[in-house]
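Please read the structure below before turning to the comments.
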Ligand SMILES: Nc1ncnc2c1ncn2[C@@H]1O[C@H](COP(=O)(O)OP(=O)(O)O)[C@@H](O)[C@H]1O
Ligand SMILES: [Mg+2]
């Protein structure tokens, strides 16, 4: 499939439109081929989900991939529902067979089959807090009985830490270790939560997975990727202009893709910083209503801290006297509480360079406020 605009800002359309990640894809596939589980950690918008898609597109013969995103789940029932839908949704058997398989294994919850316009059937499962544990067991019973090579990628896995039930991680770890022919990929964007589960000795998944920290795509490879498409049209990409774009967003994939997508739309060479400025302003303004509501939904202290971080760029010591006084913030304890609140909502992020506004376009919008 040939895309009119080669710079995707959502989804995956094959390796032609996928920049680099050669080593990371190799590592992921190597782990899968050797029956290791993987923990994939990177901040949002770096390209975790894209990497999983890219690896899934090259799974060895006979290995199927199952993907689920648990970001929106709130409890074990939500998790189980997502897992059951993904596992049984991936059944490549005729509908009648799928129904009989599901009926055989799932006794604790009622599945509903909805015919889709493309002739397939979508299953959904009535999982409630009351039957969640039983259904989860049945899903794993099915996976155990099936004994086929499978990769199960669970995206935004740190979400399980927010569930009200106790011991969810230990429960899942227990199931996972008894299906060694299934490789699990646990992807997550909240580094410290992922570390607590997978890296620290007290974590339920301690030493049970290979850790893969995903960094941004290197400058040279991104430039070459952009030039590949521009040059086909007879357009140039100036290295200095591209450097400005790359550095402005610290190389984070989604922003580069979004800006390149806009510049491409103008059907001309990328030669100047003004072109990037214009694209960024467009992206920012398209989101103005959302950002306005998002800011309005925060309490006063969080609003002030957000604005102060946006103005500063990145803040190493947000409770220092100099940061407080420079931004009209009064007490350190209020700032600490606000940071906790804001990071739980993924509005700020503690990077290696200090605290930043997580969504860089939101930061741009905050800076542009009068
Ligand atoms: N290697 C890549 N080359 C080109 N685009 C990519 C690449 N990785 C991710 N993207 C794009 O960047 C965006 C963000 O990536 P995504 O995988 O969703 O990030 P994450 O899962 O880490 O939040 C997506 O729209 C995706 O299409
Ligand atoms: Mg993702």
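One table, with the values for the structure above:
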{"read-out": "Among (1) modelled with pLDDT of 95 or more; (2) in contact with a strand residue (DSSP E or B) (Cβ under 8 Å, 6 or more places away or on another chain), the one test that residue 77 misses", "value": "(2)"}
{"read-out": "Selection within the stretch 157-170 - out of contact with any helix residue (DSSP H, G or I) (no Cβ under 9 Å at 6 or more places or on another chain) and at pLDDT 95 or above", "value": "170"}
{"read-out": "Test for residue 193: is it within 16 Å of ligand 2 (Cβ to nearest atom), without any contact (Cβ under 8 Å) to a residue 60 or more places away in the chain, in contact with a helix residue (DSSP H, G or I) (Cβ under 8 Å, 6 or more places away or on another chain) and in a helix (DSSP H, G or I)", "value": "yes"}
{"read-out": "Some residue of the stretch 219-233 being part of a loop (DSSP other than H, G, I, E, B), closer than 22 Å to residue 267 by Cβ and either touching a strand residue (DSSP E or B) at 6+ places or on another chain (Cβ under 8 Å) or more than 16 Å from ligand 2 (Cβ to nearest atom) (or both)", "value": "yes"}
{"read-out": "Condition met for residue 144 (assigned to a helix (DSSP H, G or I) and either within 16 Å of ligand 1 (Cβ to nearest atom) or modelled with pLDDT under 95 (or both))", "value": "yes"}
{"read-out": "Criterion violated by residue 15 - all others in (1) surrounded by 16 or more Cβ atoms within 10 Å (Cβ to Cβ); (2) not assigned by TED's automatic domain parsing to the domain that holds residue 173 satisfied", "value": "(1)"}
{"read-out": "Meets criteria (touching a residue at least 40 places away in the same chain (Cβ under 8 Å), farther than 22 Å from residue 150 by Cβ and within 16 Å of ligand 2 (Cβ to nearest atom)) for residue 8", "value": "yes"}
{"read-out": "Filter pass, residue 43 being without any contact (Cβ under 8 Å) to a residue 24 or more places away in the chain and either outside the structural domain of residue 246 (by TED's automatic domain parsing) or within 16 Å of ligand 2 (Cβ to nearest atom) (or both)", "value": "no"}
{"read-out": "Test: residue 198 is away from ligand 2 (no atom under 16 Å from the Cβ), touching a residue at least 60 places away in the same chain (Cβ under 8 Å) and touching a strand residue (DSSP E or B) at 6+ places or on another chain (Cβ under 8 Å)", "value": "yes"}
{"read-out": "Failed item in (1) more than 16 Å from ligand 2 (Cβ to nearest atom); (2) part of a loop (DSSP other than H, G, I, E, B), with residue 216 passing the rest", "value": "(1)"}
{"read-out": "Failed criterion for residue 153 (all others in (1) touching a residue at least 40 places away in the same chain (Cβ under 8 Å); (2) part of a strand (DSSP E or B); (3) away from ligand 2 (no atom under 16 Å from the Cβ) hold)", "value": "(3)"}
{"read-out": "Test: residue in the stretch 266-286 that is on the phi > 0 side of the Ramachandran plot, out of contact with any strand residue (DSSP E or B) (no Cβ under 9 Å at 6 or more places or on another chain) and crowded, with 16+ Cβ neighbours inside 10 Å", "value": "no"}
{"read-out": "Residue 183 vs. criteria surrounded by 20 or more Cβ atoms within 10 Å (Cβ to Cβ), away from ligand 1 (no atom under 16 Å from the Cβ) and in the same structural domain as residue 33 (by TED's automatic domain parsing)", "value": "yes"}
{"read-out": "Residue 141 being assigned by TED's automatic domain parsing to the domain that holds residue 28, in contact (Cβ under 8 Å) with a residue 24 or more places away in the chain and either within 20 Å of residue 177 (Cβ to Cβ) or in contact with a helix residue (DSSP H, G or I) (Cβ under 8 Å, 6 or more places away or on another chain) (or both)", "value": "yes"}
{"read-out": "Within the stretch 237-333, helices (runs of 4 or more DSSP H) holding 1 or more residues that are outside the structural domain of residue 46 (by TED's automatic domain parsing) and within 16 Å of ligand 2 (Cβ to nearest atom)", "value": "253-265"}
{"read-out": "Failed criterion for residue 172 (all others in (1) in contact (Cβ under 8 Å) with a residue 60 or more places away in the chain; (2) surrounded by 20 or more Cβ atoms within 10 Å (Cβ to Cβ); (3) over 26 Å from residue 250 (Cα atoms) hold)", "value": "(1)"}
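The rows are residues; the columns are (1) closer than 15 Å to residue 367 by Cβ; (2) surrounded by 17 or more Cβ atoms within 10 Å (Cβ to Cβ); (3) touching a strand residue (DSSP E or B) at 6+ places or on another chain (Cβ under 9 Å).
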position: 292; (1), (2), (3): yes, no, no
position: 296; (1), (2), (3): no, no, no
position: 306; (1), (2), (3): yes, yes, yes
position: 309; (1), (2), (3): yes, yes, yes
position: 327; (1), (2), (3): yes, yes, no
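The values are calculated or read from the model by the stated rules, or taken from the named source; none is laboratory data. Just so it is clear, the model here is predicted, and its values are computed rather than measured. So basically every Cβ, Gly included, is an ideal-geometry build from the backbone, and we count neighbours across all protein chains shown.
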